[in-house]
Amino acid sequence: MKFILLCLFMTTNLFAYTLNNNFGSSFKNHKVTVFVDENTNCAQAGMTVYELKSLIGPAIKFWNNVPTSNLVLKNGGFSTATNNINHGRLCAPTDDSCINSAPGNVIAPVEDIIIACNDLGTNYGSSSVLAVTVPNNFSGRKIAGAVIIINETAQTIFDDLSRSDKIGVLAHEIGHAIGLGHTEDKAALMYFRTVDQRSKLGKDDMRGVSYLYPMQIDAGGLLGGCGTITNADGSPPSNPPFWQMGAALILMIALFELLKLLNRPKTCSAA
Ligand SMILES: [Zn+2]
């Protein structure tokens with residue numbers, strides 16, 4: 001019982017991260033480009049679009065240095081304009097009530113990750129929400145595209161943030177875009193409350209991104225063609241059953257005795 005309790009304790013503490021609340025999916029490709037919408041306007045959020053674009057590089061760095069993950073985020077600069085991205089409703093493709101609440105004014109599905117400023121108040125639960133991220137394009141159960149909108153309403157507090165905190169907010173939203181939800185681990189970037197002066201991922205973020213985008217290690221390649229033996233399906237070989245090992249031993253002893261018998265010097269018997 002002590003062992004079981006210890007395991008439970010370790011499990012709950014090791015995996016605090018959650019997956020994206022809506023879908024629990026990852027991007028279909030582990031290389032994802034992050035763009036700023038070319039026609040966005042961020043005046044009320046206190047930025048030019050060029051300043052917003054300059055935040056992408058430092059924000060994607062958070063996620064690009066995890067040794068156990070193969071995720072590669074690239075800075076794409078400006079994208080082409082997306083329909084309704086500045087003023088439209090941001091809805092997940094399966095969220096019918098959201099889609100029906102804004103006929104003709106839903107932000108169009110995108111490829112990769114697009115960042116923009118948006119001034120539609122209903123996209124934000126309150127004026128203290130800095131940004132919202134929704135994967136709004138799916139290919140099967142995989143994410144094909146996600147939109148990050150920065151609160152550009154009249155009451156926005158985004159423009160009060162320092163540059164490093166704006167980068168931290170974008171890095172957090174990119175975490176949602178690639179498929180992660182919130183965590184209760186205060187040391188993590190994906191902690192549900194904004195934390196000032198965040199400059200790198202926490203261990204919990206690294207576990208989450210490594211779960212969604214695991215590094216594929218080719219041991220044969222790394223070891224210079226070491227020639228490991230695998231089964232046809234690529235799984236490692238298991239030990240032979242005990243009875244097979246016993247039968248092989250008995251066979252070897254029998255063979256040894258037979259050879260001894262054959263090599264015994266012949267004796268003549270005198271009548
Ligand atoms: Zn969040």
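Numbers at a glance
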item: In the range 14-44, the residues that are farther than 26 Å from Asp95 by Cβ, at pLDDT below 90 and surrounded by fewer than 18 Cβ atoms within 10 Å (Cβ to Cβ); result: Leu14, Phe15
item: Filtered residues of the range 170-199 (kept if buried (at least 20 other Cβ atoms within 10 Å of the Cβ) and under 24 Å from Pro93 (Cα atoms)); result: Leu170, Ala171, His172, Glu173, Ile174, Gly175, His176, Ala177, Ile178, Gly179, Leu180, Met190
item: Condition met for Asp96 (acidic (Asp, Glu) and surrounded by fewer than 19 Cβ atoms within 10 Å (Cβ to Cβ)); result: yes
item: Number of the exception - Arg193 against (1) of a type in the set (D, E, K, R); (2) within 13 Å of the ligand (Cβ to nearest atom); (3) within 28 Å of Thr82 (Cβ to Cβ); result: (3)
item: Qualifying residue in the range 127-140 (condition: touching a residue at least 12 places away in the same chain (Cβ under 8 Å), touching a strand residue (DSSP E or B) at 6+ places or on another chain (Cβ under 7 Å), more than 23 Å from Ser26 (Cα to Cα) and of a type outside the set (Lys, Arg)); result: yes
item: Cross-chain or 6+ apart pairs with Cβ under 6 Å, the range 155-174 first and among the acidic types (Asp, Glu), then at pLDDT 95 or above and buried (at least 17 other Cβ atoms within 10 Å of the Cβ); result: Glu173/Ala131; Glu173/Thr133; Glu173/Ile148
item: Test for Cys98: is it in contact (Cβ under 8 Å) with a residue 24 or more places away in the chain, on the phi < 0 side of the Ramachandran plot and not in a strand (DSSP E or B); result: no
item: Residue in the range 141-156 that is over 19 Å from Lys74 (Cβ atoms) and within 13 Å of the chain's Cα centre (by Cα) present; result: no
item: Residues being touching a residue at least 24 places away in the same chain (Cβ under 8 Å) and either more than 12 Å from the ligand (Cβ to nearest atom) or polar (S, T, N, Q) (or both) - total across the range 175-190; result: 5
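For every residue, the table says whether it meets (1) among the β-branched types (Val, Ile, Thr); (2) without any contact (Cβ under 8 Å) to a residue 40 or more places away in the chain; (3) touching an Asp or Glu at 6+ places or on another chain (Cβ under 8 Å).
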position	(1), (2), (3)
Gly24	no, no, no
Val32	yes, no, yes
Cys42	no, no, yes
Met47	no, no, yes
Ile56	yes, no, no
Ile60	yes, no, no
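The values are calculated or read from the model by the stated rules, or taken from the named source; none is laboratory data. In this text the structure is predicted, and so the values were computed from the model without any measurement. Using ideal geometry, Cβ is built from the backbone for each residue, glycine included, and neighbour counts are taken over all protein chains shown.
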